[in-house]
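Down below is the structure, laid out as structure tokens.
The values are calculated or read from the model by the stated rules, or taken from the named source; none is laboratory data. As the structure is a prediction and not an experimental result, all values here were calculated from the model. Don't worry about glycine lacking a Cβ; one is built from the backbone with ideal geometry, like all the others, and counts go over all protein chains shown. For the accessible areas, the whole protein counts, side chains as well, though only heavy atoms, and no ligand, DNA or RNA atoms are used. Shrake-Rupley method; radii C 1.70, N 1.55, O 1.52, S 1.80 Å.
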Amino acid sequence: MNVHDSERLSGLLEEAGFVRAPEGTGEGEADIVVFNTCAVRENADNRLYGNLGRLAPMKARRPGMQIAVGGCLAQKDRDTIVKKAPWVDVVFGTHNIGSLPVLLERARVQEEAQVEIAESLEAFPSTLPTRRESAYAAWVSISVGCNNTCTFCIVPALRGKEKDRRPGDILAEVETLVAEGVTEITLLGQNVNAYGSDIGDREAFSKLLRACGKVEGLERVRFTSPHPRDFTDDVISAMAETENVMPQLHMPLQSGSDTVLKAMRRSYRQERYLGIIEKVRAAMPDAAISTDIIVGFPGETEEDFEQTLHVVREARFAQAFTFQYSKRPGTPAAEMDGQVPKAVVQERYERLVALQEEISWAENKKQVGRTLEVLVAEGEGRKDDATRRLSGRAADNRLVHFARPVEPVRPGDVVTVDITYAAPHHLLAEGPARGVRRTRAGDAWERRNASGEKKPAGVMLGLPTVGAPPSLPAAPAAGCGCD
């Protein structure tokens, strides 16, 4: 959600006449630096104020430079930000990101900080201009906000109650993106499969998946993140029966202990969760399932933690994003008795990571010998230049590194490869590609690259939390599975 909001901010500022500072420009040389923040974990707070402190002397040396802070942390801290960092020019919240250009101009004219935090959504973000980072893959918001009350999560207080977009508006955006060359979309929502609760249709999400299946030229559909409470059989059927919905599922677990799940106010239990996994695997045997897990929630005992390990062994996740519990002021969990000592949390966390690494590697080894279609990506493989390889995502979202084909290949094209090696977090295809399919998405990437649009895209954005591109290779910035 934060990454997509950053695309909106870039689009807004580009429309207002700004361009991104050229690559290699130092932060202190930019006219505007925008921080789009998260508030789910304490580390985000620390990184923001550390980054702001580093920019203070740079701004003092550069009259006219402006610094803006938006997003969840801005919604939470409000006036505190300018009290701690009085050199900040603009503070805006999650509900009024469209106000940024006006607030920057007002701060410049009045020569004083502008703090504007709306208490409810002013306009659905998709009505705002967008400067998308990818020519071939795109986020599409279907809802904002969340109606859940998880005791560890501050997101509902900062993002508000769930508000759904009209299905026709979503499909119109999807069709527009496909016409521009996009072949992969990821449907976004704080609780994506609760879509329809705001419009009174419990099967709205499965209907939306099936409707996406009818969009000609749309090859891959993904979504994140669902909630087990709302994950119904009609969604599983829609996934299995809709050709372009990928066999991939990110399903937050948080804990395998019924006692802890109850304390978290997660409205499902271990049996229900494993039952969903079993149904998904029955309908889509090759599906790759990932999850979020929190270790050290208040009151968690060794027995509770063993139940989490049990679910991990049973579910055999392809990947798990694991988090040590982070106390967030303003959440019920922060005031609970039984806060687990840091040393205990660390030891449990290391055991969980070791187990999941073992399972991830074993599950990836099952891919060796298979022939996979890989959507070529940009920037996925950090060592691609040194190894003379390219990288991309298989249908199930596994990361694949492959030898460069003889014929030219562009991001957005599709390469068919044979998997020869597996590591815990990636697959390798060392032999020659079986085939290369040049796509409209590759054409779109080439047009953008040739026109010089690839680099100057909005403004320089400082992100105190690391987000993931549309294919979701990076860990979510939160431990709640809903931000």
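Numbers for the structure displayed
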{"item": "Global form of the stretch 1-85, assessed from the alpha-carbon gyration tensor, a/c cut-off 1.5", "result": "oblate"}
{"item": "Heavy-atom surface of the chain, accessible at 1.4 Å and reported per residue (Å²)", "result": "42"}
{"item": "Whole-percent carbon and sulfur share, accessible surface of the chain, 1.4 Å", "result": "49"}
{"item": "For the stretch 303-315, 3J(HN,Hα) per residue [Karplus equation, 6.51 cos²θ - 1.76 cosθ + 1.60, θ = phi - 60°, Hz, x = Gly/Pro]", "result": "5, 4, 5, 4, 5, 5, 4, 4, 5, 4, 5, 6, 6"}
{"item": "Rounded accessible area of Met246 (nearest 10 Å², 1.4 Å probe)", "result": "20"}
{"item": "The stretch 1-44 residues near the modelled Ala334 label - backbone nitrogen below 14 Å, point 7 Å along Cα→Cβ", "result": "39-44"}
{"item": "Nonlocal amide H pairs with Leu427, under 5 Å, H built at 1.01 Å", "result": "Leu399, Val400, His401"}
{"item": "Sequence ranges 308-318, 217-227, 423-433, 65-75, ranked by mean other-Cβ count within 10 angstrom, highest first", "result": "65-75, 217-227, 308-318, 423-433"}
{"item": "Distant-in-sequence amide H partners of Phe35 (H built 1.01 Å from N, under 5 Å)", "result": "Ala68, Val69, Gly70, Gly462"}
{"item": "Three principal axis lengths of the stretch 279-323 [C-alpha, angstrom, descending]", "result": "36, 18, 12"}
{"item": "q = 0.15, 0.18 Å⁻¹: log10 I(q)/I(0) that the Debye formula gives for the stretch 234-313, counting C-alpha atoms only", "result": "-0.56, -0.74"}
{"item": "Shape metrics for the stretch 271-363, restricted to C-alpha atoms - Rg then Dmax, Å", "result": "14.6, 43"}
{"item": "Interchain or long-range residues, amide H under 5 Å from Trp139's placed H", "result": "Thr186"}
{"item": "Convex hull volume per residue for the chain, taking Cα atoms only, in Å³", "result": "143"}
{"item": "Vicinal HN-Hα couplings computed from phi for the stretch 50-56 (Karplus, 6.51 cos²θ - 1.76 cosθ + 1.60; Hz; Gly/Pro x)", "result": "x, 5, 5, x, 5, 7, 3"}
{"item": "Förster radius 41 Å - calculated FRET efficiency between Thr416 and Asp258 (Cβ-Cβ, nearest 0.05)", "result": "0.40"}
{"item": "Residue-span extension gain [Asn43 to Glu241] - 0.36 nm each, minus C-alpha spacing", "result": "67.2 nm"}
{"item": "Angstrom value of the Kirkwood radius, inverse mean 1/r, which spans all Cα pairs in the stretch 294-449", "result": "18.1"}
{"item": "Computed magnitude of the charge dipole of the stretch 70-209 (debye, nearest 20; Cβ of K, R +1, Cβ of D, E -1)", "result": "320"}
{"item": "DSSP bridge orientation in the chain - percent antiparallel, rounded to nearest 5", "result": "35"}
{"item": "Calculated from backbone phi, Karplus (6.51, -1.76, 1.60) coupling profile of the stretch 242-257 in Hz, x at Gly/Pro", "result": "9, 4, 8, 7, 6, x, 9, 9, 9, 10, x, 9, 6, 7, x, 8"}
{"item": "Accessible area in the full protein assembly, largest first, 1.4 Å probe, for Ile199, Ile185", "result": "Ile199, Ile185"}
{"item": "Virtual spin-label span in nm between Asn449 and Ala179, 7 Å along Cα→Cβ", "result": "2.6"}
{"item": "Virtual paramagnetic centre 7 Å along Cα→Cβ of Val368, amide N under 11 Å, in the stretch 421-448", "result": "421-423, 428"}
{"item": "Contour minus Cα-Cα distance for Trp361 and Asp234 (0.36 nm per residue)", "result": "42.6 nm"}
{"item": "Solution diffusion estimate, µm²/s, Stokes-Einstein, the stretch 53-168, Kirkwood Rh from C-alpha pairs, 4 °C, viscosity 1.567 mPa s", "result": "81"}
{"item": "In nm, spacing of pseudo-spin labels at Asp201 and His426 (7 Å Cα→C-beta vector)", "result": "4.2"}
{"item": "Gained length - Asp31 relative to Lys163, 0.36 nm times residue gap less alpha-carbon distance", "result": "44.0 nm"}
